[in-house]
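See below for the structure under consideration.
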Amino acid sequence: MKTYWCAMPSELVIRRSRRVSELALLTLVLFGAVICITSCGSSKQESVSQAPVSAEKESDAQSGAVAVTNEARTQANDIFSSRCAVCHGPDGLGNGPGAANLNPKPRNFHDKVWQKAVTDEEIEKAILYGGSAVGKSPLMVPNPDLQSQPAVVAALREHVRQLGAK
Ligand code: HEC
C-alpha cells in the first residue's frame, strides 16, 4: 500500500511532463503550418503576378526567365544611354565621363573573364539593387524603379551581355 501511494505522484509528474511536451510539439507543428501557409500563399501570388510575363515567353530565344520584347529592348537602350553610359561609357568600356573619379572603376563589359564568371542573376541583381547587393562597390547605383519592369531589366542584362560579345 505504502509503495503504491509513493509511486502515484511521480507517475503523475511524468504524465504531466509528457502532456507538456505534447503541447510543445503541437505548438511547433501549428507554427510550422502557419509559416508554410504564409510562404505558400506568397509564392502563389508571385506566380500569379508573373503569369502574363511567362505567357509571352514562347517567342523568347534567350535563356532568361523573363521574355525580352522589342519594346523592352528599346527602353533598355534608352536607359543605358541616359543612366548607365555616364559611368560605364556608351560602349560599355567602363570609361564614361562620370568614371574618372570612381574607385573601383565601373565594370568594363568587354572583359571576357568577368562575362564568363558573372551569372545573369547577378547582373540583374546589380542593376536592380546596386553593387552592394552582389558584394561589389555601392558606387554601382541601384535602380529600384525598374523592379516593376522585369522585361526591361532582362533587356539591360542582354545589352550588357551583347557588349561583352563584341
Ligand atoms: C554612378 C556610376 C554608375 C552608374 C550610373 C551605373 N553603374 Fe554599373 N557599376 C559602377 C561601378 C563603379 C561598378 C563596379 C563595382 C565593383 O566592381 O565593385 C559597376 C558595376 C556594374 C556591373 C557589374 C556587377 C558585377 O557583378 O560585377 C553591372 C552589370 C553594371 N554595373 C550595370 C549597370 C547598368 C546596367 C547601369 C544602368 C542602369 C549601371 N550599371 C549604372 C558604376 C555605375
When Gln162 is evaluated against the numbered criteria (1) surrounded by 18 or more Cβ atoms within 10 Å (Cβ to Cβ); (2) at negative phi, which criterion, by number, is the only one it fails? (1)
For the stretch 97-127, which residues satisfy the criterion of being within 9 Å of the ligand (Cβ to nearest atom) and either within 18 Å of Asn143 (Cα to Cα) or not in a loop (DSSP other than H, G, I, E, B) (or both)? Gly98, Ala99, Pro106, Arg107, Trp114, Ala117, Glu122, Ile123, Glu124, Lys125, Ala126, Ile127
Would you check which residues across the stretch 81-96 are among the hydrophobic types (A, V, I, L, M, F, W, C) and within 6 Å of the ligand (Cβ to nearest atom) and list them? Cys84, Val86, Cys87
Checking Gln115 against (1) in contact (Cβ under 8 Å) with a residue 12 or more places away in the chain; (2) more than 21 Å from the chain's Cα centre (by Cα); (3) crowded, with 16+ Cβ neighbours inside 10 Å: exactly one of these is not met. Which one? (2)
Which one of Leu93, Leu163 is touching a residue at least 40 places away in the same chain (Cβ under 8 Å) and of a type outside the set (Ser, Thr, Tyr)? Leu163
Matching residues in the stretch 131-149 - criterion: being more than 6 Å from the ligand (Cβ to nearest atom) and farther than 22 Å from Gln162 by Cβ: Ser132, Ala133, Gly135, Pro138, Pro142, Pro144, Asp145, Gln147, Ser148
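No value in this document is a laboratory result; all are computed from the given coordinates. If you're wondering where the values come from, they're calculated on a predicted model, not measured in any experiment. Cβ atoms come from the backbone with ideal geometry, glycine included; neighbour counts cover every protein chain shown.
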